[in-house]
Amino acid sequence: DGKPIAEPTATAISVGFSSPLYATSYAYDSASNTYARSLAGAPHADREKGQITPSVVVVIKVGTQSRGGSDGYEDLVTTGSGTAHIFQGGSVIPASWQKDEPTAPLQLKDAEGKTIKLHRGQTWIAAYTAGRGSVSWQ
(Lines give C-alpha, C1' and ligand atoms only; values in the text may rest on other atoms or scores of the structure.)
Protein backbone atom coordinates (compact mmCIF):
# COMPACT_ATOMS: atom_id res chain seq x y z
CA ASP A 1 0.00 0.00 0.00
CA GLY A 2 3.05 2.28 0.03
CA LYS A 3 2.63 3.25 3.68
CA PRO A 4 5.36 2.99 6.32
CA ILE A 5 5.04 0.21 8.86
CA ALA A 6 4.02 1.18 12.41
CA GLU A 7 7.31 0.05 13.97
CA PRO A 8 10.18 0.26 11.44
CA THR A 9 12.67 -2.61 11.52
CA ALA A 10 15.16 -1.30 8.94
CA THR A 11 16.02 2.33 9.71
CA ALA A 12 19.77 2.26 9.05
CA ILE A 13 21.13 0.39 6.01
CA SER A 14 24.82 -0.07 5.15
CA VAL A 15 26.07 -1.34 1.79
CA GLY A 16 29.79 -2.01 1.53
CA PHE A 17 31.50 -2.13 -1.83
CA SER A 18 35.17 -2.38 -2.78
CA SER A 19 36.51 0.37 -0.51
CA PRO A 20 35.36 2.94 2.08
CA LEU A 21 35.21 5.57 -0.70
CA TYR A 22 32.16 3.77 -2.10
CA ALA A 23 30.52 2.71 1.18
CA THR A 24 26.90 3.81 1.20
CA SER A 25 24.36 4.15 3.93
CA TYR A 26 20.69 5.00 4.03
CA ALA A 27 18.82 6.55 6.97
CA TYR A 28 15.08 5.94 7.00
CA ASP A 29 12.79 8.93 7.61
CA SER A 30 9.29 7.80 8.54
CA ALA A 31 7.79 11.29 8.01
CA SER A 32 8.67 11.25 4.29
CA ASN A 33 8.81 7.43 4.00
CA THR A 34 12.17 7.72 2.24
CA TYR A 35 15.81 6.72 2.77
CA ALA A 36 18.41 9.53 2.84
CA ARG A 37 21.52 8.27 1.02
CA SER A 38 25.07 8.97 2.17
CA LEU A 39 28.29 8.13 0.34
CA ALA A 40 31.61 7.69 2.19
CA GLY A 41 30.03 9.20 5.32
CA ALA A 42 28.67 12.38 3.70
CA PRO A 43 25.19 13.16 2.32
CA HIS A 44 24.99 12.12 -1.34
CA ALA A 45 23.38 14.92 -3.33
CA ASP A 46 22.43 15.45 -6.94
CA ARG A 47 22.72 18.80 -8.75
CA GLU A 48 19.04 19.69 -8.85
CA LYS A 49 17.29 18.40 -5.74
CA GLY A 50 19.83 17.98 -2.97
CA GLN A 51 20.28 14.78 -1.00
CA ILE A 52 19.19 11.61 -2.78
CA THR A 53 16.16 10.15 -0.97
CA PRO A 54 14.67 7.09 -2.66
CA SER A 55 11.42 5.48 -1.51
CA VAL A 56 12.85 2.02 -2.17
CA VAL A 57 16.37 0.62 -1.88
CA VAL A 58 17.02 -2.71 -3.62
CA VAL A 59 20.33 -4.44 -2.85
CA ILE A 60 21.31 -7.41 -5.02
CA LYS A 61 24.22 -9.82 -4.66
CA VAL A 62 25.90 -10.46 -8.02
CA GLY A 63 28.86 -12.29 -9.47
CA THR A 64 31.84 -10.91 -11.36
CA GLN A 65 33.52 -11.64 -14.67
CA SER A 66 37.14 -10.87 -15.49
CA ARG A 67 37.77 -8.51 -18.40
CA GLY A 68 40.69 -10.75 -19.32
CA GLY A 69 43.40 -8.13 -19.24
CA SER A 70 46.40 -7.84 -16.98
CA ASP A 71 44.84 -4.85 -15.16
CA GLY A 72 42.72 -7.12 -12.92
CA TYR A 73 39.46 -5.30 -13.65
CA GLU A 74 36.21 -7.19 -13.31
CA ASP A 75 32.67 -6.44 -14.41
CA LEU A 76 29.57 -7.10 -12.35
CA VAL A 77 27.34 -9.81 -13.81
CA THR A 78 23.77 -8.52 -13.66
CA THR A 79 22.13 -11.28 -15.67
CA GLY A 80 21.16 -14.56 -14.09
CA SER A 81 19.80 -14.72 -10.56
CA GLY A 82 20.74 -14.27 -6.92
CA THR A 83 19.70 -13.01 -3.52
CA ALA A 84 18.32 -9.55 -2.81
CA HIS A 85 17.01 -7.37 -0.01
CA ILE A 86 14.29 -4.80 -0.59
CA PHE A 87 13.97 -1.90 1.83
CA GLN A 88 10.75 0.09 1.76
CA GLY A 89 8.38 1.59 4.28
CA GLY A 90 10.90 1.02 7.09
CA SER A 91 11.09 -2.73 6.62
CA VAL A 92 13.23 -5.25 4.76
CA ILE A 93 11.99 -8.04 2.51
CA PRO A 94 14.41 -10.92 1.82
CA ALA A 95 14.07 -11.68 -1.88
CA SER A 96 15.57 -13.18 -4.98
CA TRP A 97 16.35 -11.41 -8.23
CA GLN A 98 16.37 -12.67 -11.80
CA LYS A 99 17.31 -11.03 -15.09
CA ASP A 100 17.39 -13.39 -18.06
CA GLU A 101 19.26 -11.13 -20.50
CA PRO A 102 20.69 -7.60 -20.53
CA THR A 103 17.53 -6.02 -21.96
CA ALA A 104 15.10 -8.03 -19.80
CA PRO A 105 13.43 -6.39 -16.80
CA LEU A 106 14.75 -7.13 -13.32
CA GLN A 107 12.38 -9.46 -11.48
CA LEU A 108 12.16 -9.40 -7.68
CA LYS A 109 10.39 -12.26 -5.91
CA ASP A 110 9.63 -13.16 -2.30
CA ALA A 111 10.29 -16.54 -0.64
CA GLU A 112 7.08 -17.98 -2.13
CA GLY A 113 8.08 -16.91 -5.67
CA LYS A 114 5.56 -14.04 -5.86
CA THR A 115 6.54 -10.78 -7.52
CA ILE A 116 7.23 -8.05 -4.97
CA LYS A 117 5.41 -4.78 -5.58
CA LEU A 118 7.58 -1.75 -4.99
CA HIS A 119 6.34 1.48 -3.44
CA ARG A 120 5.85 4.41 -5.80
CA GLY A 121 8.67 6.89 -6.10
CA GLN A 122 12.38 6.72 -6.76
CA THR A 123 14.01 3.30 -6.49
CA TRP A 124 17.77 2.97 -5.93
CA ILE A 125 19.44 -0.33 -6.87
CA ALA A 126 22.81 -1.31 -5.43
CA ALA A 127 24.81 -4.39 -6.44
CA TYR A 128 27.59 -5.95 -4.37
CA THR A 129 29.73 -9.05 -4.77
CA ALA A 130 30.42 -11.87 -2.34
CA GLY A 131 33.75 -11.51 -0.58
CA ARG A 132 34.11 -7.80 -1.38
CA GLY A 133 30.81 -6.35 -0.30
CA SER A 134 28.01 -6.68 2.17
CA VAL A 135 24.62 -5.39 3.25
CA SER A 136 23.47 -4.90 6.83
CA TRP A 137 20.69 -3.04 8.60
CA GLN A 138 19.22 -2.24 11.98
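The values are calculated or read from the model by the stated rules, or taken from the named source; none is laboratory data. The model shown is predicted, which means the values in this text are computed figures rather than measured ones. Backbone-built Cβ (ideal geometry, glycine too); neighbour counts: all protein chains shown. Areas reflect the complete protein model, heavy atoms only, side chains present, ligands, DNA and RNA absent. Shrake-Rupley method; radii C 1.70, N 1.55, O 1.52, S 1.80 Å.
For this structure, a couple of remarks:
- Å² of accessible area per residue within the chain, as computed with a 1.4 Å probe and no ligands counted: 61
- Among the lysines of the chain, pairs at least eight places apart or on separate chains and with Cα atoms under 18 Å apart come to 7.
- Taking label positions 7 Å along the Cα-Cβ direction at both LYS49 and ASP110, the computed distance is 2.8 nm, reported to one decimal.
- Separation between Cα centres of segment 15-58 and segment 63-138, rounded to whole Å: 17
- Total charge dipole magnitude, the chain, about the Cα centre, Cβ charges on Lys, Arg, Asp, Glu only, Debye to nearest 20: 120
- Efficiency of FRET from Cβ geometry, SER30 and ILE125, R₀ 30 Å, rounded to 0.05: 0.85
- When a 1.4 Å probe is rolled over the protein heavy atoms, the share of accessible surface on segment 7-138 that falls to carbon and sulfur comes to 50 percent.
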